[in-house]
Amino acid sequence: MGSNSSRIGDLPKNEYLKKLSGTESVSENDPFWNQLLSFSFPAPTSSTELKLLEEATISVCRSLVVNNPRTGNLGALIKVFLSRTKELKLSAECQNHIFIWQTHNALFIICCLLKVFICEMSEEELQLHFTYEEKSPGSYSSDSEDLLEELLCCLMQLITDIPLLDITYDISVEAVSTMVVFLSCQLFHKEVLRQSISHKYLMRGRCLPYTSKLVKTLLYNFIRQEKPPPPGAHVLPQQSDGGGLLYGLASGVATGLWTVFTLGGVGSKAAASPELSSPLANQSLLLLLVLANLTDAADAPNPYRQAIMSFKNTQDSSPFPSSIPHAFQINFNSLYTALCEQQTSDQATLLLYTLLHQNSNVRTYMLARTDMENLVLPILEILYHVEERNSHHVYMALIILLILTEDDGFNRSIHEVILKNITWYSERVLTEISLGSLLILVVIRTIQYNMTRTRDKYLHTNCLAALANMSAQFRSLHQYAAQRIISLFSLLSKKHNKVLEQATQSLRGSLSSNDVPLPDYAQDLNVIEEVIRMMLEIINSCLTNSLHHNPNLVYALLYKRDLFEQFRTHPSFQDIMQNIDLVITFFSSRLLQAGAELSVERVLEIIKQGAVALPKDRLKRERERAHTDTSSGSRRQRAKQAP
C-alpha cells in the first residue's frame, strides 16, 4: 500500500496493491515488499467503515484470485511474513518498532485476502492458492511446501511465544483474529464439516503439539484482560475505541460463528455490543470457543476440546493420567474471578457453561467456593433483564443454574448467604434476602415473562427443573419468595381453567358444525397440566423435606388454600395433592383452635409450633416419592444441557 496510503478510499487506485494483484510475479526478496508494508491509515470504527474497506479492496482481491495461479504473489507475501516472524521475538526485545509495524501490516493484508478467498471459493481451491508456485498458468506442484500449514503454525507460535508488550499488542490481536477468520469456513457450508482444512491442519500434523499451549495462552489472555497500550506506545496510530483494523474485520466473522454454534440460531435477537476494554481478551475468547466447538474429525477427537475438558488447578499436585492428552494447569482462582467479572458478555457466559459442563475439575472447584454469590448474581442479573438479552445468552445462564442446582451442597449454601440491597431488582425493595430466595424470585419471574411473551416450553421446563432441584433444600424462604411461588401456581391455575373452558366451548360448537377445524386445546391442556404438576411437586418436595424451615411458604399456602381445592380430586394431581392437602388441613385446624383475628406474627408462631408437632412419619412415604420425581426430572434436564 505504501507510505502514502492514508485513506480507505485511496486503496482501489493504490499502485502497490495493483502490483500485488497484477500479472507480474514479485520475488519474496524484492524491495517492493518494504514499500508495500509501509502504510498506515485510521482504523474503521463502525460497521459502515468496515464495509467501505471491504468494498474498496474487493477488486484487488478478485484480481489476485485470477492472477495468483500464474504469479504466486500470495505465496511470496506469506513467505515474507514467515521470514519476518522468525526475528519477531528478537525485535520485541530490541524495541524494533519499524520491523514489528511492517510485520503487522503483512499479517493484516494476508487476513484481508484470506477472508475474501474463503468467501468466494471452495476449500480445495483455497488450498491450491496456498501451494501455487511461479509456473505456467494454472499449474501447481503437489510436492510444493504447504504454506497454509506453515502460516497456521507460525500464528500459533506468535500467539504463544511472543511476549505481550506495548509494541507487540496489536500483532498479537491480529494473529488471534486471523485464526478466527481461517476457521470461518464452516459459515459457508450447510453441512457440518468433519474433513475440512481446519481439521486437516489443526487436529493433526505440525499444529497438534501446540494444542495445550495455545488453549492455555488464550485462557490467560481472557483472565488478564490486558488493555491496549496508550496511543504513544502503539506501533500503529490508534483510535479511541482501542481495536485494530483487523479486529473489526475478524470480530464480524466471529459474530457469525458465534450465532452458528450457540442455541440462539440465526433468528435470535442481536446482542448489544458493549465497549471492549480488551480486544485481545475478547478475540482470544472467541477463538477459544470456536476451537472448542469444532466437530471431531472422522478419525480423531477434537484436541482443543480435550484440553478444555482436562486442565487442572495449579495448586493440584496430583499427576495427570497418561490417558489424558493435551493436559495443562492454570490458576483457578484467577479464572474464577475473571468469569465472575465478565458475565455481561454472552461469550463469557458460554465459556462458563462449557467449563462447568465439560471440566469436572473446574466444576468441583467452583462448587466448593465460599463466595458463590460473586458468580451467581451476574447470572441472575442476565435472567432478570431477559427483555434486553438475546435468547442464547438467556439459555446459557439458565442451564448454568441448572448445572449448579444439581449439587445438594450448592442448594444448601445459597440459603446461608445473606445479601443486602439488590439494586437491580426493581419489582420490590429487597433490603435483606438470601441468595437462594433471590434465585427463586428471578427464576419465577423468567417463567412468568415466558408465559406472556415467548411461550417457549424448553425455557419453562428448565426453569422448573432448577426449582425442582433446589426444592428439597429450601431454607428460610423470604416471605416475598414464598408469595411468588404460590402466585405462579395461581397464574397457572387460571390459565388451566381458561383453556379448559375454551375446550368445552369448542366441543359444544363442534356439535353444530362439522366443517370448521378445531384448535388443539387438548395439547395445550396437557402442557399446562404438566407444568402445574411440576409446580405441585416443587411445593410438595419443600414441605416434605424442609417443612420446619419454611414457615413463610406454609403461610402463603394457607392464605391461598382455595387455589388447591379444584386439584384435590383431579385425576392428574390426586397423588401429589395428598401431602399438600394434609399440610393445609393440619395447619388450618391449628389456626381455628387459636381463634379469630390473628396477627401475622401470631400465625407464623403457630405455624412454627405446628411444624414441630406434625409427626414426621405422616410425610415419610411422600418424601420418598418426591425425591424420586425431582431426581428423575433433574436427569431429564441434564440430557438436554448440551446444545
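Being small (G, A, S), out of contact with any strand residue (DSSP E or B) (no Cβ under 7 Å at 6 or more places or on another chain), closer than 26 Å to V173 by Cβ and at pLDDT 95 or above narrows it down to one of A292, A348, so name that one. Don't jump to the end; show me each part of the working.
Numbers: A292 fails: at pLDDT 95 or above.
Sole residue among the options that is small (G, A, S), out of contact with any strand residue (DSSP E or B) (no Cβ under 7 Å at 6 or more places or on another chain), closer than 26 Å to V173 by Cβ and at pLDDT 95 or above: A348.
No other residue among R621, R602, R590 is over 40 Å from the mean Cα position of the chain (by Cα), at pLDDT below 85 and part of a helix (DSSP H, G or I) apart from R621.
Scanning segment 357-376 for residues that are within 19 Å of V442 (Cα to Cα) and either open to solvent by less than 40 Å² (accessible area, probe 1.4 Å) or among the β-branched types (V, I, T) (or both) yields M372, L375, V376. For segment 479-496, a residue qualifies if it is in contact (Cβ under 8 Å) with a residue 40 or more places away in the chain and not small (G, A, S), and the qualifying residues are Q479, Y480, Q483, R484, I485, I486, L488, F489, L491, L492, K495. Check off (1) closer than 19 Å to P31 by Cβ; (2) modelled with pLDDT of 90 or more for N96 and give me the number that stays unchecked. Result: N96 fails condition (2) only.
Suppose we filter V531, V554 for residues that are assigned to a helix (DSSP H, G or I), more than 20 Å from I607 (Cβ to Cβ) and in contact with a Leu (Cβ under 8 Å, 6 or more places away or on another chain); which single one remains?
On the way: V554 fails: more than 20 Å from I607 (Cβ to Cβ).
Being assigned to a helix (DSSP H, G or I), more than 20 Å from I607 (Cβ to Cβ) and in contact with a Leu (Cβ under 8 Å, 6 or more places away or on another chain) holds for just one of V531, V554, which is V531.
Residue-level analysis places S38 among those that are in contact (Cβ under 8 Å) with a residue 60 or more places away in the chain, among the small types (G, A, S) and either within 24 Å of I167 (Cα to Cα) or open to solvent by 60 Å² or more (accessible area, probe 1.4 Å) (or both).
On the stretch given as segment 432-476, residues that are surrounded by fewer than 18 Cβ atoms within 10 Å (Cβ to Cβ), among the polar types (S, T, N, Q) and touching a strand residue (DSSP E or B) at 6+ places or on another chain (Cβ under 7 Å) total 1.
Of the residues I538, I576, I607, the single one that is surrounded by 20 or more Cβ atoms within 10 Å (Cβ to Cβ), modelled with pLDDT of 90 or more and closer than 18 Å to F489 by Cα is I538. Screening P319 on (1) buried (at least 20 other Cβ atoms within 10 Å of the Cβ); (2) more than 16 Å from the chain's Cα centre (by Cα) shows it passes everything except condition (1). Apart from one condition, L419 fits all of (1) modelled with pLDDT of 95 or more; (2) under 23 Å from the mean Cα position of the chain (by Cα); the exception is (2). Restricting attention to segment 409-429 and to residues that are of a type in the set (A, V, I, L, M) and surrounded by 12 or more Cβ atoms within 10 Å (Cβ to Cβ), the residue that is nearest to S546 (Cα to Cα) turns out to be I414. Restricting segment 171-197 to residues that are hydroxyl-bearing (S, T, Y) and more than 22 Å from the chain's Cα centre (by Cα), the residue that is surrounded by the fewest Cβ atoms within 10 Å (Cβ to Cβ) is S196.
The values are calculated or read from the model by the stated rules, or taken from the named source; none is laboratory data. The structure presented is a predicted model; accordingly, all values stated were derived computationally and were not measured. Cβ: placed from backbone, ideal geometry, glycine included. Neighbour counts: every protein chain shown. These area figures cover heavy atoms from the full protein model, side chains too; ligands, DNA and RNA do not enter into them. Shrake-Rupley method; radii C 1.70, N 1.55, O 1.52, S 1.80 Å.
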